[in-house]
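S.K.: One structure coming up, written as structure tokens, with questions to follow.
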Amino acid sequence: MKLRITLNDKTFEVEVEAAEADTTTLPPAYPIGSAVLSGSVASTPPAPSSVAYDPAVDEAKVCRSPVSGIVVRLIAQRGQSLQVGDPLMVLEAMKMETNITAPIAGRIAALSVAEGDNVQSGQVVVEFE
């Protein structure tokens, strides 16, 4: 296939060949959840979760952290009314900032974290009325 490319007001005609991927060295593909491992597994109890889920929490009225990180900035305040997508806070994880936004419209009943706090993935960070 021939392509025409212009760079710095100069036009170049380039011939490109599409190569096919070499799939002979790839492992076989299995549908998700269908892989079966051979051997035995020691009967060890599962590792405890780093975040305790409280069954009394109304999941429709909370915002959980999607990542583990440090709260670098609180934007929302207790008592503030928000719409879906309004900013709540900024978390930093692995030198990358993540904006946490309101999952529902409503008024903030409680902020469970403060600037500088470490949070775990799945931890409740905001409760709504």
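The values are calculated or read from the model by the stated rules, or taken from the named source; none is laboratory data. Model, not experiment: these values are computed from the prediction. FYI the Cβ positions are ideal-geometry reconstructions off the backbone, even for glycines, and counts take in every protein chain you see.
S.K.: Mind telling me which of the residues VAL62, VAL51, VAL41, VAL36 ends up being of a type in the set (A, V, I, L, M, F, W, C) and at pLDDT 55 or above?
M.R.: It is VAL62.
S.K.: Mind listing whichever residues of the range 85-107 are in contact with a Ser or Thr (Cβ under 8 Å, 6 or more places away or on another chain) and β-branched (Val, Ile, Thr)?
M.R.: Correct list: VAL90, ILE100.
S.K.: Can you name the residue in the range 74-90 that is over 20 Å from ASP58 (Cβ atoms) and of a type in the set (A, V, I, L, M) and is also surrounded by the most Cβ atoms within 10 Å (Cβ to Cβ) among such residues?
M.R.: So, considering only residues that are over 20 Å from ASP58 (Cβ atoms) and of a type in the set (A, V, I, L, M), the one surrounded by the most Cβ atoms within 10 Å (Cβ to Cβ) is MET89.
One line per residue, one yes/no per condition, for (1) surrounded by 15 or more Cβ atoms within 10 Å (Cβ to Cβ); (2) of a type in the set (D, E, K, R); (3) touching a Phe, Trp or Tyr at 6+ places or on another chain (Cβ under 6 Å); (4) in contact (Cβ under 8 Å) with a residue 60 or more places away in the chain:
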site: GLU92; (1), (2), (3), (4): no, yes, no, no
site: THR101; (1), (2), (3), (4): yes, no, no, no
site: ALA105; (1), (2), (3), (4): no, no, no, no
site: ALA110; (1), (2), (3), (4): no, no, no, no
site: GLU115; (1), (2), (3), (4): no, yes, no, no
site: GLN123; (1), (2), (3), (4): yes, no, no, yes
site: GLU127; (1), (2), (3), (4): yes, yes, no, yes
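S.K.: Here is a further query. So the check is Cβ under 6 Å with 6+ separation or different chains; which pairs have a first residue in the range 3-14 that's surrounded by fewer than 10 Cβ atoms within 10 Å (Cβ to Cβ) and a second one that's modelled with pLDDT under 85 and outside any strand (DSSP E or B)?
M.R.: Once the first residue is surrounded by fewer than 10 Cβ atoms within 10 Å (Cβ to Cβ) and sits in the range 3-14, its partners that are modelled with pLDDT under 85 and outside any strand (DSSP E or B) give LEU3/VAL16.
S.K.: Quick one: in the range 93-109, which of the residues that are of a type in the set (A, V, I, L, M) and within 15 Å of the chain's Cα centre (by Cα) is farthest from GLN80 (Cα to Cα)?
M.R.: MET94
S.K.: I need the full set of residues from the range 90-117 which are closer than 15 Å to PRO66 by Cβ and part of a strand (DSSP E or B), in order please.
M.R.: Scanning the range 90-117 gives VAL90, LEU91, GLU92, ALA93, MET96, GLU97, THR98, ASN99, ILE100, THR101.
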